[in-house]
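One structure below.
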Amino acid sequence: MAATTETLAQVQEMADDKYKYGFVTDIDSENAPKGLSEDIVRFISAKKNEPEWLLEWRLKAYRHWLTMPEPNWAKVGFPAIDYQDSYYYSAPKAVGDGPQSLDEIDPELLATYEKLGIPLKEQEMLAGVAVDAVFDSVSVATTFKSKLEEVGVIFCPLTEALEKCPDLVKKYLGTVVPYTDNKHATLNSAVFTEGSFVYIPPGVRCPMELSTYFRINAKNTGQFERTLIIADKESYVSYLEGCTAPMRDENQLHAAVVELIALDDAEIKYSTVQNWYPGDENGKGGIYNFVTKRGACRGRNSKISWTQVETGSAITWKYPSCILQGDNSVGEFYSIAITNNRQQADTGTKMIHLGRNTSSKIISKGISAGHADQTYRGLVKMSPKADGARNFTQCDSLLIGDQCGAHTVPYIESKNKSAIVEHEATTSTISEDQLFYLRQRGIPVEAAVALVVNGFCREVLQQLPMEFAVEAQKLVGISLEGSVG
Amino acid sequence: MLEIKNLHVSVEGSEILKGLDLTVDPGEIHAIMGPNGSGKSTLSHVIAGRDGYEITGGRIIFQGEALTGMEPEERAAKGIFLAFQYPVEIPGVANTTFLKEALNSIRRYRGEDELDAMQFVKMMRKKTEELNISDDMLKRAVNVGFSGGEKKRNEILQMAVLNPSLAILDETDSGLDIDALKIVAEGVNKLRSPDRSMLVITHYQRLLDYIIPDKVHVLAHGKIQRTGGKELALELEEKGYAEFDEAAA
Ligand SMILES: Nc1ncnc2c1ncn2[C@@H]1O[C@H](COP(=O)(O)OP(=O)(O)OP(=O)(O)O)[C@@H](O)[C@H]1O
Ligand SMILES: [Mg+2]
């Protein structure tokens, strides 16, 4: 990709501010009392004026959560989380009652987003990208709403969707990731505070990229957003989420849930550029990114494609998956995971083939540097009815230095003789020869590393929407700073 | 331009260069010949600043400045270019992307304006035409799947783009067919100028029919054993390196 060149120049400029998103916005927040209880669940639900059914659902999830053990199968290590030592609701005061027009938004907040490179004033924005900006527990602005409404696309905070189209929310919420799914998703079901809702009506090709920008600002808060995207028959949408957080010494929990539903002939492309604060060189602080993302290809010929660039977080635990229910449906997972210093990542995907002639493709690029450790964990499951189903998996790991680790754990379960599963895996290092070659041509060592890594990730970077590919390439360079020399 | 005095270099404990002296003046082309394993590539790597070589004595002065301790990228920015005996593959990185990054890194270092995409494309078009290199080769990943000859031609393209003041060509002629050899030699001759010097490492005097050297050196047993004109290459082709073994024995 030609943009690499421009990117590297920018990486150079940014070399001195390692995590440039690490600032704190000084703003008055309204917090729920610290800790977790049924009362807190009720408090959140009341704050959002939710219907009774949703409160009931949250409470069921909360009670179930109390009975669940911590998941311990992932290859990550961290002290037990004290769930009572965190705030489960935090809203900048002015927007406590949900988003208003941009003119009413606290200028501090607008400035924050500008600093993050996400201007919310429409005239200054990236053309063709609509943004929902979530600050701690609430959405502060959604842009280009009216333009989207013209074609019938609903793009708004989940809270707002409960008023606008409660039936749609009720029909689909929790149908892909049930509240009993896993400890983190269950906690999210009980205390989720915000997230985006997208509905694309039949036959509509969403005219712009949709994107949500998540920002954790407040101290000791967790962020529990829940995103629900429904692509009705023959529709198409491309959606991107980005995330950052201030640098803080203590760990903060981010337990999100994303549910995607694609009906007949519909396609959803979901891209993530995750750059939560990773902690310092010694592993102090950083976000625990425990996320459940799953898409259901319910309709015939439907397609869901996940692309993720995971560079941040102290610990990443996520497996964006596809349930390929409709005949001929297609699932894709393109992933770049970078871990440096003391970061840990256990990430991968699950492709569950239920329908006939379903196909899936997994391309995973893992880069490990410093003392970091990462694992690709993937499941490909061919059910008895998945005649003619096929999967192709390619897992490549790149190691920088000799203190880091990379592991590949592919699970394959095939109950159908006609199904074909292919798996390829490689592990390589950035060679001394490559670095010397690039440096001999005048390219400084950090840019040389970034160049080799961007080359290694090329197949995945190419999947990102143009607007974000450049940003992602920059991140690749920045997150590996200090990994050699 | 380049002045090497009493250079001693060891690799993993064994001494490869044992007191090498070499002076190349501006505008001169020197050829270095010598048996396999005599340390020609070692010398070129040490001039370019590669890690892993222990310099146990002597010094290398480039344009009046000692190179000791200088990073490879800094040497490159100051005008040292090495055409590799074995060019390295960089998967996924397009040749143009790499070249633009290299050129702009060097320009940045020198405090010059970077070339924008347009200027770069224009310049590249000219260079590729001159060297008879296809556009296709520019789009492909650096050296990946290139034939031996294509890799060597790619090195010369890089040299033409980066415009060094000292170019070291380490067996750039090996693996080239006659036509390619002529193109490479033409490329080199075009770069010949009063303020640019070249060190041409080769095993074949044939190359020196096209690139006429000012001096020919024989490197054997860690030292320059003999220096002469173009005719020395012819003599070596006939007699081989046996006489230097006796000299060292
Ligand atoms: N990294 C290394 N480790 C051990 N020995 C090395 C290393 N690099 C070079 N050598 C040794 O140093 C000697 C000189 O090698 P060099 O590559 O410089 O020879 P050369 O003159 O370029 O040979 P050729 O004509 O075959 O290219 C050889 O004996 C080689 O095996
Ligand atoms: Mg050699």
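Out of segment A:196-226, which residues are more than 30 Å from A:Asn251 (Cα to Cα), at pLDDT 90 or above and not in a loop (DSSP other than H, G, I, E, B)?
A:Val198, A:Tyr199, A:Ile200, A:Arg205
Of the residues in segment A:272-306, how many are out of contact with any Lys or Arg (no Cβ under 8 Å at 6 or more places or on another chain) and assigned to a loop (DSSP other than H, G, I, E, B)?
Final tally of qualifying residues: 9.
With respect to the numbered conditions (1) basic (Lys, Arg); (2) more than 15 Å from A:Gly442 (Cβ to Cβ); (3) within 12 Å of another protein chain (Cβ to nearest Cβ), which one is the sole condition not fulfilled by B:Arg75?
Here B:Arg75 clears every test but (2).
I want to confirm something. Restricting to segment B:141-161 and keeping residues that are more than 12 Å from every other protein chain (Cβ to nearest Cβ) and under 21 Å from B:Asn104 (Cβ atoms), which single residue is farthest from ligand 1 (Cβ to nearest atom)?
B:Ala160
Answer with yes or no whether B:Arg75 is within 16 Å of ligand 1 (Cβ to nearest atom), of a type in the set (D, E, K, R) and more than 18 Å from B:Val188 (Cβ to Cβ).
On the way: within 16 Å of ligand 1 (Cβ to nearest atom): no; of a type in the set (D, E, K, R): yes; more than 18 Å from B:Val188 (Cβ to Cβ): yes.
Against the criterion (within 16 Å of ligand 1 (Cβ to nearest atom), of a type in the set (D, E, K, R) and more than 18 Å from B:Val188 (Cβ to Cβ)), B:Arg75 does not qualify.
Looking at B:Glu28, B:Glu54, B:Glu65, which is the one that is within 15 Å of ligand 1 (Cβ to nearest atom), surrounded by fewer than 22 Cβ atoms within 10 Å (Cβ to Cβ) and away from chain A (no Cβ under 14 Å)?
On the way: B:Glu28 fails: within 15 Å of ligand 1 (Cβ to nearest atom); B:Glu65 fails: within 15 Å of ligand 1 (Cβ to nearest atom).
Exactly one residue qualifies, and that residue is B:Glu54.
In segment B:140-151, is there at least one residue being free of Cβ contacts under 8 Å to residues at least 24 places away in the same chain, surrounded by fewer than 20 Cβ atoms within 10 Å (Cβ to Cβ) and β-branched (Val, Ile, Thr)?
No, there is no match, as no residue in segment B:140-151 is free of Cβ contacts under 8 Å to residues at least 24 places away in the same chain, surrounded by fewer than 20 Cβ atoms within 10 Å (Cβ to Cβ) and β-branched (Val, Ile, Thr).
Need the failing condition index for B:Val9 against (1) within 12 Å of ligand 1 (Cβ to nearest atom); (2) not in a strand (DSSP E or B), just the number.
(2)
Regarding B:Glu3, is this residue farther than 23 Å from B:His203 by Cβ, modelled with pLDDT under 95 and either within 15 Å of ligand 1 (Cβ to nearest atom) or surrounded by fewer than 17 Cβ atoms within 10 Å (Cβ to Cβ) (or both)? Give the steps one after another, and end with the answer.
Values: farther than 23 Å from B:His203 by Cβ: yes; modelled with pLDDT under 95: no; either within 15 Å of ligand 1 (Cβ to nearest atom) or surrounded by fewer than 17 Cβ atoms within 10 Å (Cβ to Cβ) (or both): yes.
Spelling it out, it is not the case that B:Glu3 is farther than 23 Å from B:His203 by Cβ, modelled with pLDDT under 95 and either within 15 Å of ligand 1 (Cβ to nearest atom) or surrounded by fewer than 17 Cβ atoms within 10 Å (Cβ to Cβ) (or both).
Of everything in segment B:7-17 that's under 25 Å from A:Gly442 (Cα atoms) and touching a strand residue (DSSP E or B) at 6+ places or on another chain (Cβ under 6 Å), which residue is nearest to ligand 2 (Cβ to nearest atom)?
B:Val9
Residue pairs, Cβ under 6 Å, 6 or more apart or interchain, first in segment B:161-175 and under 28 Å from B:Leu115 (Cα atoms) and at pLDDT 95 or above, second within 16 Å of ligand 1 (Cβ to nearest atom) and of a type outside the set (A, V, I, L, M). List them.
B:Ile168/B:Ser44
For segment B:115-123, check the following and say yes or no: at least one residue is surrounded by fewer than 16 Cβ atoms within 10 Å (Cβ to Cβ), over 22 Å from B:Asn154 (Cα atoms) and more than 12 Å from chain A (Cβ to nearest Cβ).
No, segment B:115-123 contains no residue that is surrounded by fewer than 16 Cβ atoms within 10 Å (Cβ to Cβ), over 22 Å from B:Asn154 (Cα atoms) and more than 12 Å from chain A (Cβ to nearest Cβ).
Residues that are crowded, with 21+ Cβ neighbours inside 10 Å: find the strands (runs of 3 or more DSSP E) completely inside segment A:370-485 holding 3 or more of those. Full working, then the answer.
Details: elements: A:373-382, A:390-400, A:405-414, A:420-429.
Here the list reads A:373-382, A:390-400.
In segment B:162-220, which residues are away from every other protein chain (no Cβ under 14 Å), polar (S, T, N, Q) and more than 16 Å from ligand 2 (Cβ to nearest atom)?
B:Asn189, B:Ser193, B:Ser197, B:Gln205
Can you find a residue in segment B:83-102 that is within 16 Å of ligand 1 (Cβ to nearest atom), surrounded by 15 or more Cβ atoms within 10 Å (Cβ to Cβ) and among the hydroxyl-bearing types (Ser, Thr, Tyr)? Even if it seems obvious, please write down each step before you answer.
The first filter runs over segment B:83-102 and keeps only residues within 16 Å of ligand 1 (Cβ to nearest atom), leaving B:83-88.
Still in the running and surrounded by 15 or more Cβ atoms within 10 Å (Cβ to Cβ): B:83-85, B:87-88.
Those still in the list that are among the hydroxyl-bearing types (Ser, Thr, Tyr) too: none.
Checked segment B:83-102: no residue is within 16 Å of ligand 1 (Cβ to nearest atom), surrounded by 15 or more Cβ atoms within 10 Å (Cβ to Cβ) and among the hydroxyl-bearing types (Ser, Thr, Tyr).
Please go through segment A:335-349 and give me each residue that is crowded, with 24+ Cβ neighbours inside 10 Å and in a strand (DSSP E or B), ordered by number.
Step one: list which residues in segment A:335-349 are crowded, with 24+ Cβ neighbours inside 10 Å, which gives A:335-339, A:343-345, A:347-349.
Once the filter is applied, which keeps residues that are crowded, with 24+ Cβ neighbours inside 10 Å and in a strand (DSSP E or B), segment A:335-349 yields A:Ser335, A:Ile336, A:Ala337, A:Ile338, A:Thr339, A:Gln344, A:Ala345, A:Thr347, A:Gly348, A:Thr349.
Please pick out the residue among B:Ser41, B:Ser14 that is within 14 Å of chain A (Cβ to nearest Cβ), near ligand 1 (Cβ under 9 Å from one of its atoms) and not charged (D, E, K, R).
B:Ser41
Can you name the number of the only condition in (1) out of contact with any helix residue (DSSP H, G or I) (no Cβ under 7 Å at 6 or more places or on another chain); (2) modelled with pLDDT under 95 that B:Pro213 fails?
(1)
Does A:Gln463 satisfy being out of contact with any Leu (no Cβ under 8 Å at 6 or more places or on another chain) and not aromatic (Phe, Trp, Tyr)? If you could, list the steps in order and put the result at the bottom.
On the way: out of contact with any Leu (no Cβ under 8 Å at 6 or more places or on another chain): yes; not aromatic (Phe, Trp, Tyr): yes.
In short, yes.
Select, from B:Ile80, B:Ile168, B:Ile90, B:Ile156, the only residue that is in contact with a Ser or Thr (Cβ under 6 Å, 6 or more places away or on another chain) and among the β-branched types (Val, Ile, Thr).
Answer to the selection: B:Ile168.
The values are calculated or read from the model by the stated rules, or taken from the named source; none is laboratory data. Owing to the predicted nature of the structure, the values given are computational and were not obtained by experimental measurement. As a convention, Cβ positions derive from the backbone with ideal geometry for all residues, glycine included, and neighbour counts pool all protein chains shown.
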